[in-house]
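A short worksheet on the structure shown next.
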């Protein structure tokens, strides 16, 4: 079991672990695109905003910067976990439902409070043109991970390191989070952020309560003063910035995507 003790990992093993995480995220993103390109049956959200058809050099540069920033973030987070084994247990035998699965909802809730506030700050008129405006060139996200990480480097680092902040808050509150829980949090966050920037109509609910719906973020790209949360909408509800997705909102037929865009198949449109 010693292989699961992060404090005993070499730098090579740590880097290998980071590589595996990144590959998993890329595979999930690729699988989503292939599924819908081949006529996946999940309903597609109609386009109601201006789609960014082509990525320019600045888009490609920012996407590259974002992807290059992920390995250092994961590396630093793992080293922090290594230095705090009393807060972040990492042995296989210490993994339980209580310290691995139960903390996940709290991690997303505690992530989205500072994220919503920071996101709202980036929309202030004297800040918006310099950082966040770039991300809002795309008003109808469709490329998944590419559209998700197509942000100014300052914004990307804020959003990324707030995941670490959420983990830190929980541990400071006396709640232990197993290393496996940290990994699940990062993987789930990557998948959800990617889904937020697709046209895929998926919704996760429990007992009739919506826990996550990518359409909430689609609304934000069309109506920038609404739905500042990334993963959950609890803080938007409390802060008065919640706007429900409405099926009756205007649709321009000519704006709908065809198979030339990644992630959306022509056969799925209009279902």
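Going residue by residue through region 125-142, is there one that turns out to be outside any helix (DSSP H, G or I), at pLDDT below 95 and touching a strand residue (DSSP E or B) at 6+ places or on another chain (Cβ under 7 Å)?
Within region 125-142, none of the residues are outside any helix (DSSP H, G or I), at pLDDT below 95 and touching a strand residue (DSSP E or B) at 6+ places or on another chain (Cβ under 7 Å).
Residue by residue through region 217-234, note down the ones that are touching a residue at least 24 places away in the same chain (Cβ under 8 Å), under 18 Å from residue 204 (Cα atoms) and in contact with a helix residue (DSSP H, G or I) (Cβ under 6 Å, 6 or more places away or on another chain).
229, 230, 231, 232
With respect to residue 13, determine if the residue is more than 22 Å from residue 214 (Cα to Cα), over 22 Å from the mean Cα position of the chain (by Cα) and at pLDDT below 75.
In short, yes.
A quick yes/no check of all residues on (1) modelled with pLDDT of 95 or more; (2) within 25 Å of residue 73 (Cα to Cα); (3) in a helix (DSSP H, G or I); (4) within 13 Å of the chain's Cα centre (by Cα):
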{"residue": "150", "(1), (2), (3), (4)": "yes, yes, no, yes"}
{"residue": "154", "(1), (2), (3), (4)": "yes, yes, yes, no"}
{"residue": "174", "(1), (2), (3), (4)": "no, yes, no, no"}
{"residue": "188", "(1), (2), (3), (4)": "no, yes, yes, yes"}
{"residue": "191", "(1), (2), (3), (4)": "no, yes, yes, yes"}
{"residue": "210", "(1), (2), (3), (4)": "no, no, no, no"}
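The values are calculated or read from the model by the stated rules, or taken from the named source; none is laboratory data. Everything quoted here is computed from the prediction, not taken from an experiment. Positions of Cβ are backbone-derived with ideal geometry, glycine not excepted, and every protein chain shown enters the neighbour counts.
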